[in-house]
1. Among residues belonging to segment 268-284 that are crowded, with 16+ Cβ neighbours inside 10 Å and part of a loop (DSSP other than H, G, I, E, B), point out the one that is modelled with the lowest pLDDT.
2. Give segment 216-231 a look and list any residue that's surrounded by fewer than 17 Cβ atoms within 10 Å (Cβ to Cβ) and either aromatic (Phe, Trp, Tyr) or not in a loop (DSSP other than H, G, I, E, B) (or both), or say none.
3. Do the conditions hold for Glu402, that is, is it among the acidic types (Asp, Glu) and modelled with pLDDT under 90?
4. I'd like to know if segment 341-348 contains one or more residues that are open to solvent by 20 Å² or more (accessible area, probe 1.4 Å), at pLDDT below 95, at negative phi and touching a Lys or Arg at 6+ places or on another chain (Cβ under 6 Å).
5. Do you know which residues across segment 669-710 are over 20 Å from Leu376 (Cβ atoms) and among the acidic types (Asp, Glu)?
6. Has segment 58-75 got at least one residue that is over 20 Å from Pro462 (Cα atoms), in a loop (DSSP other than H, G, I, E, B) and modelled with pLDDT under 85?
7. Find the residue count for segment 78-103, including only residues that are assigned to a helix (DSSP H, G or I), surrounded by fewer than 14 Cβ atoms within 10 Å (Cβ to Cβ) and within 43 Å of the chain's Cα centre (by Cα).
8. Considering Ala473, Ala497, Ala487, which residue is hydrophobic (A, V, I, L, M, F, W, C) and crowded, with 18+ Cβ neighbours inside 10 Å?
Amino acid sequence: HPQLFDTTTVFENLPSDPSGSVGIGDPSTELEITVREDSSATGVMHYPLSLTVVPGEELQLHLSYRPELFSRSAVEQLGVRLRHLLDTVVGSPGTVVGQVDLLTAKERHELVHAWNDTEREIPGSDVTGLFEASAARFPTRPAVLCQGRELSYTELDERSNRLARALVVRGAGPEKLVAVAVPRSADLLVTLLAVLKSGAGYVPLDSDYPEDRLRYMLEDARPALLVTVRETSNAVPRTGVERLLLDAPETVRELADTPAAGLSDAERAGAVAGAHPAYVIYTSGSTGRPKGVVVPRTALLNLLLAVADGVPVTSADRMLAVTTIAFDIAALELFTPLLAGGSLVLADGDMVRDPEALAAEVVRSGVTMMQATPSLWQELVSAVPDGLRNLRALTGGEALPERLATTLAELCEGGVVNLYGPTETTVWSTMAPVDGGPPVIGRPVWNTRAYVLDAALRPVPPGVAGELYISGAGVTRGYAGRPGLTAERFVADPFGAPGGRMYRTGDLVRWNQGGDLEYLSRVDQQMKVLGFRIEPGEIESRLDAHPAVRQAAVLARRDGPGPVRLVAYVVTTSGAEQPEPELLRSHLSATLPDYMVPTAFVPMEALPLTPNGKLDRSALPAPEFNGVPVGREPRNALEEKLCSVFAEVLEVDRVGIDDGFFSLGGDSITSIRLSVRARQAGLEFTSREVFRHSTVAELAHHVRVLGSSSSGSADRASVTPHVALDSGERDSLAAQASEYEAVWPLSPLQSG
């Protein structure tokens, strides 16, 4: 229990009363350890756990514990290990204490082998083969539903075959990569399957990412080509990579004339193997740049089959996909239903930011399953609890709070499953049903082994904290183009077959007595926010690049009942003025995705240090969000209503029309809550619009006023979205319009 104490205190000649003790071990030997429960708050029992050693003709050892902190069985087990330690060092006095193995042979077998007995046969080595088998069994059944459009299994199979041939002609094949920047539509599934059928791996690009980040990903991955559409093509920077526009007239004609039958190995650049890449996903990097994880095809297939078996998934299921394809957990929800003959219901970009719209889609499309992070589940529980009744809920990406776990278990009649896993071991590596008690991350999935090890890579006993290492079929190939970093994190597996590797997760966990893993914390500074893995070093290096910043530190904090927030602590360059938070936010937004931009920026004269000269993160102060208006008061009824909604959601007294939503403590999840509350007040906008227009003055131009509100206080007659502009504002908008036109040329109809 490292959270309870970290010191050992030795008293000499402390009196001990052995009455009520229970012995451990063989009473015929000279050494006996006794365990006793004592709930008193005086003397030795001031400590959670105490060992009293009483010298005499026979050495007596008494373990005393506080029952509200420890169970008797856990303390008795500790006594067994203490006895084993003493027996070992007495028998071999030259033994170094740190090298004593505290496990018996039986325990070692249980931890290393019995609890890791997950071997299963994987049918084939590729996702596309099982999808094609589903298409043969259920040709007319809907495979994909999105925005009122439906593709049957036959249509999805044939369209992906045609596109796969077009990709092969352009250089796609085994060990090649194809970048994908396609909106959330049926075309997205067609494209991903086509890439896999061509033998290549895909690199998912989120067109909402900053141009600098997308450029780096393209230059680092070096794909053979980029598949996109005109809607998103302009958002992806030009890097010399060949582009295939799916909706270009010439592409439409080419695909129409291409055979729809399945591809043979002779048509591809070579035979496809399970070790070839299925996709390369980019995660935050501690060096200041994201790193690409190369996921092999067999690893992806193993994940999908393992979850489908453990949940389970059948041909009757419909799974709602809500995750951006740039987040690795998207692979599970996109492909899992297609391998079982079920249906994928693909939520579009606006729907995934609107809990009420998601709940409506669940009912409208007959959704039976959904995967989301705890942050999104919390918003759904708060906004539309009744919409979750018929769902089977999968949650992961962040630690699952016990209160949320209990609520989900009560609401979701289909059951709740908690999933855990890093990107480097292919999304999910362990899983556990949620039954309302304290959530655990469970046991390894198919063909996966989990080891809880100490610093010397030795298994630690149940109940003892150690670092989690994962080996097996899910272990990826490593980081693209980074052999040094790969060698550092992917190490030899001393417990498996020769040549096997295991991934060092950096997560501190422990086995419980029932054989389930419990997550405790990180061993480094890596953070999880909204399910995304974030290395603070990447944000700090970007802040350091600002000319006014001399030093920066970034921390993920939860200072109240709300969500985890990123907070940046900034020390300015000598002689420079403290930059405004909005300027720093704009500086970071040019290179980092929204979820990596801190909510608050705290000015510091100097960063606090430990006596060893390291950053003392525990001494960094909590940010203050006081909501004091710095700009103008509302000018009309619309702005007044928006200010009221802002203040209510942000839990501040007042908001001016020039105050930034994120400067006052807002974040991605809070922006979803803002759009829901605004709709209840008769105003409609998306959370994405909040990111683009973060003040009331800006957002007012983009609000849709509903015909009526739940409160009956807003309608088109009483609230107008039109705001008078002065000449300077009109000139500014005109200049922006000319810039937009240069990037997005008008269509002939728009020009007319």
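1. Ranking the qualifying residues of segment 268-284, first place goes to Ala269.
2. The answer is Glu219, Arg230, Glu231.
3. For Glu402, the condition - among the acidic types (Asp, Glu) and modelled with pLDDT under 90 - is met.
4. First, the residues of segment 341-348 that are open to solvent by 20 Å² or more (accessible area, probe 1.4 Å): 348.
From what's left, at pLDDT below 95: 348.
From the residues that got through so far, the ones that are at negative phi too are 348.
Still in the list and also touching a Lys or Arg at 6+ places or on another chain (Cβ under 6 Å): 348.
There is at least one residue in segment 341-348 that is open to solvent by 20 Å² or more (accessible area, probe 1.4 Å), at pLDDT below 95, at negative phi and touching a Lys or Arg at 6+ places or on another chain (Cβ under 6 Å).
5. Matches in segment 669-710: Glu684, Glu698.
6. yes
7. Result for segment 78-103: 3.
8. Ala473
The values are calculated or read from the model by the stated rules, or taken from the named source; none is laboratory data. Computed from a predicted structure; not experimentally measured. Glycine also receives a Cβ, built like all others from the backbone with ideal geometry; neighbour counts cover every protein chain displayed. Heads up: the accessible areas ignore ligands, DNA and RNA and are worked out on the full protein's heavy atoms, side chains in. Shrake-Rupley method; radii C 1.70, N 1.55, O 1.52, S 1.80 Å.
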